[in-house]
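Colleague: Please read through the structure below; I'll follow up with questions.
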Amino acid sequence: MTTQTDTIAAMSTPPGAGAIGILRLSGQSAVSIAETCFKPLGHSGLRDHKPRELVYGDLLDSGGQPIDRVLCTYSLGPSSYTGEDTAEFHCHGSPMVLTLGLEALFAAGARQAGAGEFTRRAFLNGRLDLAQAEAVGDLLEAQSREGARHAAGQLAGALSRRIGDIYSALVDVMAHFHAVLDYPDEDIDPFRLEQLDAALSVQEGELNALLASCGRAKLLKDGAACAIVGRPNAGKSSLLNAMVGYDRAIVTDIPGTTRDTVEERCELGGVPLRLIDTAGLRDTTDPVEKLGVERSRRAMEEAELILVLIDSSRPAEDEDFSLLQEAMALAPTILVWTKGDLPSQPCPMKRYEEIRCPAVTVSARTRYLDELCNEISCAFPQDLWGGYGEILTNARQEEAASRAREAVRRAREALQAGMTPDALLTDVEEALAALGEVTGQSVREDVTDRIFQRFCVGK
Ligand code: GDP
């Protein structure tokens, strides 16, 4: 354990008034600073209470005056979040109380913590590996339920275990090469060579699967771009409003109201989406509307999912059908019959039934979206990605895993080309080093600096 000589302090709850506000300390003097600034009710001192017990008492300023009546708890390293001695004050969530309390902690010898410094200490003390520490940041920033679940899984060690399995399989292979190097006069049995190649091939496959999970992480972070297209008045803005749960886009029965694209995030069917409400697609001479129509087409080109809306209460037209075909050529598409609460028109074009495109009915008015939710979850199936947290969540992890895969690939090529075991060893060692970077076993300090800077102060 590397207890830092300085003790850091910070507010760990967001600024602003709230029910509870937390001040946090970590470092060699955490408990003695807490003792200076806290007086339990009654005659006991803080250390008369067991670690992790919640002790009721007064938080005091540097002159010994009470600032707030609070709960205080301390933990002793290494059994704490940071691995060092820590203390926490659970105050009333008043910005003024927290400011005064923090000033008292500084006066007693603590210094202001930097961004992510508590978690950084946890990493340095081996309480979390780097992938887990990054998961703390992802958890704080999660924009969707799925994103939060993945971050929680990664924090619990899911990715680290997956990386660890590949790591230990490669160590086994390396051990064999070392054994061969120790007895250079003996030829390697061809059967053994095949076994080694098979072992490397399995790990290459594992790394491929892991790298494929990056798409999922991107989707969780950014949301899948989902373009809502259709003729004017098809109900695009109304559907967007129903999906996000409030009136984001202007709804009128005047065709051509939405002239620009409107973007909003939501989660439907467990899938985080970046909804793009577009200008109605129709031939127009209005220059502003024309620009909007161009943007709609661009939104379709960039979309990962296209919802083609057709008003079920009006006769469908040829234009609807060609739009559907255009969308299907660009991205996975769902045909959405809108205004399902109104009497529907018999579809004049039988051809919709022949087209291989999932079709659902919605009503923005009654907020009936169940069929659409189901269809969206089918478009982005969860089980393709493995368990929660078993995914690579950022460019740093992806880059390191892809270097590991390249090194394994080179090792296999060398093996097949009959290279000597020492040449192979270099590649396998490189793969191990790259994997070690994902979990932080072998990572440069400037890289960790960058990771923790993204955290908020107090985490
Ligand atoms: P957009 O031009 O495609 O964005 O269509 P809007 O969302 O602006 O809707 C056009 C018209 O259809 C408005 O008068 C809406 O009130 C109406 N509308 C939209 N969705 C529904 C629906 O689910 N049910 C009914 N009855 N009317 C709807």
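The values are calculated or read from the model by the stated rules, or taken from the named source; none is laboratory data. Small disclaimer: the values here were computed from a predicted structure and weren't measured. Every residue, glycine among them, receives a Cβ derived from its backbone with ideal geometry; neighbour counts consider all protein chains shown.
Colleague: In the range 59-76, which residues are within 39 Å of the chain's Cα centre (by Cα) and either in a strand (DSSP E or B) or free of Cβ contacts under 8 Å to residues at least 40 places away in the same chain (or both)? Steps first, answer last, please.
Modeller: Residues of the range 59-76 that are within 39 Å of the chain's Cα centre (by Cα), as a first pass: 59, 67-76.
Leu59, Ile67, Asp68, Arg69, Val70, Leu71, Cys72, Thr73, Tyr74, Ser75 - these are the residues of the range 59-76 that are within 39 Å of the chain's Cα centre (by Cα) and either in a strand (DSSP E or B) or free of Cβ contacts under 8 Å to residues at least 40 places away in the same chain (or both).
Colleague: Does the range 319-348 hold any residues that are touching a residue at least 60 places away in the same chain (Cβ under 8 Å), farther than 16 Å from Pro358 by Cα and away from the ligand (no atom under 11 Å from the Cβ), and which are they?
Modeller: Glu319
Colleague: Would you point out the residue of the range 67-98, among those that are surrounded by fewer than 16 Cβ atoms within 10 Å (Cβ to Cβ) and touching a Pro at 6+ places or on another chain (Cβ under 8 Å), that is nearest to Gly440 (Cα to Cα)?
Modeller: The selected residue is Ser79.
Colleague: What number of residues within the range 378-388 satisfy the criterion of being buried (at least 17 other Cβ atoms within 10 Å of the Cβ) and at pLDDT 80 or above?
Modeller: Number satisfying all stated conditions: 3.
Colleague: Follow-up. Residues Ala108, Ala104, Ala113: which one is closer than 26 Å to Val136 by Cβ and of a type in the set (A, V, I, L, M)?
Modeller: On the way: Ala108 fails: closer than 26 Å to Val136 by Cβ; Ala104 fails: closer than 26 Å to Val136 by Cβ.
The match here is Ala113.
Colleague: Quick one: would you say Ala316 is closer than 16 Å to Leu240 by Cβ and away from the ligand (no atom under 13 Å from the Cβ)?
Modeller: Against the criterion (closer than 16 Å to Leu240 by Cβ and away from the ligand (no atom under 13 Å from the Cβ)), Ala316 does not qualify.
Residue by residue, here is whether (1) modelled with pLDDT under 90; (2) surrounded by 15 or more Cβ atoms within 10 Å (Cβ to Cβ); (3) assigned by TED's automatic domain parsing to the domain that holds Tyr246; (4) in a helix (DSSP H, G or I) holds:
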position: Phe321; (1), (2), (3), (4): yes, yes, yes, yes
position: Ile334; (1), (2), (3), (4): no, yes, yes, no
position: Ser344; (1), (2), (3), (4): yes, no, yes, no
position: Tyr352; (1), (2), (3), (4): yes, yes, yes, yes
position: Arg365; (1), (2), (3), (4): no, no, yes, no
position: Leu372; (1), (2), (3), (4): no, yes, yes, yes
position: Ile376; (1), (2), (3), (4): no, yes, yes, yes
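Colleague: Sticking with this one: In the range 123-158, which residue that is polar (S, T, N, Q) and in a helix (DSSP H, G or I) is surrounded by the fewest Cβ atoms within 10 Å (Cβ to Cβ)?
Modeller: Taking the candidates together, the pick is Gln132.
Colleague: Enumerate the helices (runs of 4 or more DSSP H) found wholly within the range 194-304, keeping only those where 3 or more residues are more than 16 Å from the ligand (Cβ to nearest atom), closer than 17 Å to Ile334 by Cβ and modelled with pLDDT under 85.
Modeller: Qualifying helices (runs of 4 or more DSSP H): none found.
Colleague: It is to be established whether one or more residues within the range 99-122 are surrounded by fewer than 24 Cβ atoms within 10 Å (Cβ to Cβ) and in contact with a Pro (Cβ under 9 Å, 6 or more places away or on another chain).
Modeller: no
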